Amino acid sequence: MADVLYVNGGTPLSGSVRVRGAKNFVSKAMVAALLGESPSVLRNVPQIRDVGVVTGLLELHGVRVDADAEAGTLVLDPTDVESAHVADIDAHAGSSRIPILFCGPLLHRLGEAFIPDLGGCRIGDRPIDYHLEILRQFGAVVDKREQGIHIRAPRRLQGTRISLPYPSVGATEQLLLTAVRAEGITELRNAAIEPEIMDLIAVLQKMGAIISVDTDRVIRIEGVDRLEGFNHTALSDRIEAASWASAALATGGDVLVEGATQPEMMTFLNTFRKVGGEFEVRDDGIRFYHPGGDLRSIVLETDVHPGFMTDWQQPLVVALTQATGLSIVHETVYENRFGFTEALRGMGATIQVYKECLGGGECRFGQRNFHHSAVISGPTPLAAADIEVPDLRGGFSHLIAALAAKGTSTVRGIGLIDRGYEHFGDKLLALGADVSRD
Ligand code: EPU
């Protein structure tokens with residue numbers, strides 16, 4: 001598919017779009033199917049490239065995947081799970097970080113797993129040290145080789161007690177997917193408790209797992225000998241929903257995001273309102289709109305759930321370029337998530353990035369040479385530009401800037417946006433945007 005989008009901006013987005021299952025849940029639920037002794041059914045699955053990547057990885061490991069893409073249904077049959085060739089995994093994984101989550105299930109089923117070099121968005125180093133340490137603590141042997149990392153389980157994995165240095169989403173998922181079939185009890189402290197993780201726990205419980213989520217980020221898992229398949233409808237994508245909300249605000253528009261749900265978006269909704277956006281929670285979704293008048297500057301800090309998600313930050317920063325006064329955004333989840341602001345500056349935004357922790361408490365990136373705070377001064381009109389998409393969320397933010405800017409922008413590398421935004425070109429057209437893909 002062509003990789004360039006021409007955006008003739010300056011028109012408020014208006015109309016409705018539908019969001020389906022969360023990218024950051026669906027891919028993990030697909031991996032969980034590997035743990036079952038019978039087929040699983042996953043519903044509300046979006047047509048995004050990451051789903052295609054995980055489908056391919058599962059197929060390489062002998063899982064039969066039947067998809068009804070329109071209906072958004074996947075049937076995953078893990079009856080004939082087998083080892084895959086290292087080179088095939090590597091070639092297929094592309095920029096996805098999902099292969100690391102195959103480790104626990106594969107160790108239980110086959111006694112070994114292989115992880116190629118891991119990709120993902122260019123938003124910092126994104127190490128996997130927590131993941132490897134977790135696997136070691138369960139009794140796996142980790143062997144770093146030239147082509148990647150080979151992991152094996154000399155005997156059945158054993159439940160353990162682990163405390164994460166930081167409530168990492170991926171590491172918490174790694175632990176869950178491994179502990180459910182390990183022998184004995186596992187206790188995780190400082191766990192991530194994002195809604196996508198709660199939905200993964202719901203899936204595992206349907207499969208037969210015993211998991212309790214206690215107060216203060218403690219999760220306890222009692223290992224079981226056998227899990228069955230699951231039948232589950234994915235929670236909706238709150239990152240995509242917030243992206244459309246920010247697009248509505250930045251363009252002065254009015255967008256009904258069908259499928260968006262309030263409980264998972266409470267923190268975003270509070271911030272959206274503080275900036276001067278309005279919303280209406282309906283049975284079929286949430287309508288986000290610019291009520292007229294000036295937008296207000298804010299001080300914002302990203303954080304793990306229930307804080308303001310790092311993935312909401314980039315789209316909202318574009319809207320903040322249209323707010324009156326100085327906004328301060330402190331990014332505390334990733335050390336390097338302001339690279340996308342360079343293109344915004346080129347379009348006329350006034351944004352400065354700083355190494356200091358601004359606008360909030362000290363975070364683990366303070367005094368460490370990371371440009372992880374941004375000061376945005378607005379409002380500034382945005383001008384059309386020729387932009388290259390840097391990563392998934394940064395790319396969507398560039399798209400929002402192009403939609404808000406007067407004139408025709410050329411946005412290159414939009415294939416990256418297909419990783420996580422289902423049919424975004426069609427959705428833009430449905431919202432009245434003047435865009436064409438080349
Ligand atoms: N970290 C480590 N060591 C590890 C793992 C993580 O130091 O072994 C650090 C990371 O470098 C980062 C922090 O911990 O600074 C948080 O990372 P986390 O593990 O929570 O992130 P992730 O699981 O790799 C998922 C989403 C991201 C989302 C984050 C935070 C998926 C596939 N990705 O990443 O989504 O930003 O959680 O909510 O679920 C996106 O959708 O565009 C995206 C980047």
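The values are calculated or read from the model by the stated rules, or taken from the named source; none is laboratory data. Everything quoted here is computed from the prediction, not taken from an experiment. All Cβ positions, even for glycine, are placed from backbone atoms using ideal geometry, and neighbour counts span all protein chains on display.
Quick rundown of the values:
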quantity	calculated
Test for Val281: is it of a type in the set (A, V, I, L, M), touching a strand residue (DSSP E or B) at 6+ places or on another chain (Cβ under 6 Å) and loosely packed, with under 15 Cβ neighbours inside 10 Å	no
Cross-chain or 6+ apart pairs with Cβ under 9 Å, segment 426-438 first and farther than 14 Å from Asp254 by Cα, then part of a helix (DSSP H, G or I) and not hydrophobic (A, V, I, L, M, F, W, C)	Val435/Gly425; Ser436/Gly425; Arg437/Gly425
Test: residue in segment 253-264 that is out of contact with any Asp or Glu (no Cβ under 6 Å at 6 or more places or on another chain) and assigned to a helix (DSSP H, G or I)	yes
Flag if Ala32 is at pLDDT 95 or above, buried (at least 18 other Cβ atoms within 10 Å of the Cβ) and within 22 Å of Leu175 (Cβ to Cβ)	yes
Residue in segment 61-68 that is under 21 Å from the mean Cα position of the chain (by Cα) and in contact (Cβ under 8 Å) with a residue 40 or more places away in the chain present	no
Qualifying position, being at pLDDT below 95, within 16 Å of the ligand (Cβ to nearest atom) and assigned by TED's automatic domain parsing to the domain that holds Pro12, among Gly378, Gly395, Gly366	Gly366
Residue tally, condition closer than 21 Å to Glu37 by Cα and over 22 Å from the mean Cα position of the chain (by Cα), over segment 86-113	8
Residue list for segment 60-82, filter: in contact with a strand residue (DSSP E or B) (Cβ under 7 Å, 6 or more places away or on another chain) and assigned to a loop (DSSP other than H, G, I, E, B)	Val63, Gly72
Qualifying residue in segment 340-352 (condition: within 15 Å of Asp311 (Cα to Cα) and within 16 Å of the ligand (Cβ to nearest atom))	yes
Some residue of segment 276-295 being of a type in the set (A, V, I, L, M) and over 24 Å from the mean Cα position of the chain (by Cα)	yes
Failed criterion for Leu295 (all others in (1) more than 21 Å from Gly407 (Cβ to Cβ); (2) surrounded by fewer than 16 Cβ atoms within 10 Å (Cβ to Cβ); (3) in contact with a Pro (Cβ under 9 Å, 6 or more places away or on another chain); (4) not small (Gly, Ala, Ser) hold)	(2)
Single match in Val54, Val45 (criterion: closer than 17 Å to Arg419 by Cβ, away from the ligand (no atom under 13 Å from the Cβ) and buried (at least 23 other Cβ atoms within 10 Å of the Cβ))	Val45
Pick from segment 1-41, criterion within 16 Å of the ligand (Cβ to nearest atom) and not in a helix (DSSP H, G or I), ranking: nearest to the chain's Cα centre (by Cα)	Ala22
